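*Asks:* Let me begin by handing over the structure; questions about it come next.
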Amino acid sequence: MSEPQSPQKQKAVKPSEPIISCRGIVKRFDGRAVLDGIDLDVMAGETMVIMGGSGCGKSTLLRLLIGAIKPDEGQIFLFGKDTTRMSEPELNEIRKKFGILFQSGALFNSMTLQENVALPIHEHTQLPSELIDIEVTIKLELVGLRQHADKYPAQISGGMKKRAGLARALALDPRLLFYDEPSAGLDPVTSAQIDQLIMDLSRKIGVTSVVVTHEMDSAFTIADRMAMLDKGRMLKAESRDWFDSIRKAPDDQASGWAEDLRLIRQFLRGDPEGPITERSSITEFHEELLGLTAQEIRSDVPSVLPTRGR
């Protein structure tokens, strides 16, 4: 059966040139390709969700996008400039245009929330203290933490730490925000609040968002488009509606699909049986008994670690 077509009606995004463009990205560690020929565009004003099982390469891709590491092959363009050819000082100028929400929040424990948010403004601008205080108040209000400005990270919850980290990421009014597992470790209500905050920021200030996650409820809530990785391969980058049609397809229809599509469907649904778990079992059994890799056993099988994706 042929692959489902993208629906005509999709969530509206602003037509524009890509704010991020990746072409032929290859990254190797110890001779092994963690990312192998990745192409991806992220348009200005949209929310792109990058997803996949553990070990698929999504965190490595995020590190490449922010310039923490460089690819072995390929090019990455941010704001129309090739960051793979930039020096560290040049990269630092580009980094002022984007913010990052780290998985843990990455707040400085010895600083109050107000001081954490003020730090990048002090470091990268010449604004007087009075104006910095106003900017910090605005950013904390955006994430609902204005009344907690004088608290230290140890005095607030995990969800509040995530929001404080987001306020700091917004400190320099970036055009682009990167989120590393924003819902990780949060209860369902707090996770939903973070999702709502991501959508509010996109709507209110037009920021472009790239979200790395394996939380499917969150992904389908916030995404305009989604991209799925499988052990360094880009399986698909499509609209949220396209992925939703794969997720909701009945069993009798999906049974005739190609293996990559059935793999995507299993991941999105969190099914206990399917290509992901079948290949994982093959890989683990032969590696344990024979010391062979999955590719040596069966060349047509890409390996994906099992995940319920929820």
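The values are calculated or read from the model by the stated rules, or taken from the named source; none is laboratory data. Small disclaimer: the values here were computed from a predicted structure and weren't measured. Positions of Cβ are backbone-derived with ideal geometry, glycine not excepted, and every protein chain shown enters the neighbour counts.
*Asks:* Please tell me if residue 142 is within 16 Å of residue 107 (Cβ to Cβ) and either among the small types (Gly, Ala, Ser) or surrounded by 18 or more Cβ atoms within 10 Å (Cβ to Cβ) (or both).
*Replies:* Answer is no for this residue.
*Asks:* Of all residues being under 18 Å from residue 175 (Cβ atoms) and among the small types (Gly, Ala, Ser) in segment 201-250, which is surrounded by the fewest Cβ atoms within 10 Å (Cβ to Cβ)? Just the residue, please.
*Replies:* The residue in question is 206.
*Asks:* Looking at segment 22-39, can you tell me whether even one residue there is within 24 Å of residue 171 (Cα to Cα), touching a strand residue (DSSP E or B) at 6+ places or on another chain (Cβ under 6 Å) and of a type outside the set (Asp, Glu)? Spell out how you get there, then give the answer.
*Replies:* If we filter segment 22-39 for residues that are within 24 Å of residue 171 (Cα to Cα), which is where we start, we get none.
There is no residue in segment 22-39 that is within 24 Å of residue 171 (Cα to Cα), touching a strand residue (DSSP E or B) at 6+ places or on another chain (Cβ under 6 Å) and of a type outside the set (Asp, Glu).
*Asks:* Tell me yes or no: at least one residue of segment 104-115 is touching a residue at least 24 places away in the same chain (Cβ under 8 Å) and within 19 Å of residue 69 (Cβ to Cβ).
*Replies:* Yes, segment 104-115 has at least one match.
*Asks:* If I filter segment 186-197 for residues that are within 30 Å of residue 24 (Cβ to Cβ) and either surrounded by 22 or more Cβ atoms within 10 Å (Cβ to Cβ) or not charged (D, E, K, R) (or both), do I get at least one hit? It would help to see each step written out before you state the result.
*Replies:* Start the filter on segment 186-197 by keeping residues that are within 30 Å of residue 24 (Cβ to Cβ), which leaves none.
For segment 186-197, residues within 30 Å of residue 24 (Cβ to Cβ) and either surrounded by 22 or more Cβ atoms within 10 Å (Cβ to Cβ) or not charged (D, E, K, R) (or both): absent.
*Asks:* So which residues in segment 81-115 are under 22 Å from residue 59 (Cβ atoms), part of a strand (DSSP E or B) and not β-branched (Val, Ile, Thr)?
*Replies:* 98, 99, 101
*Asks:* How about segment 263-295: which of its residues are within 16 Å of residue 246 (Cα to Cα), assigned to a helix (DSSP H, G or I) and at pLDDT below 90?
*Replies:* 275, 276
*Asks:* Quick one: residue 87 ticks every box in (1) surrounded by 17 or more Cβ atoms within 10 Å (Cβ to Cβ); (2) more than 14 Å from residue 40 (Cβ to Cβ); (3) out of contact with any Asp or Glu (no Cβ under 8 Å at 6 or more places or on another chain) except a single one, so which number is it?
*Replies:* Here residue 87 meets the rest and fails (1).
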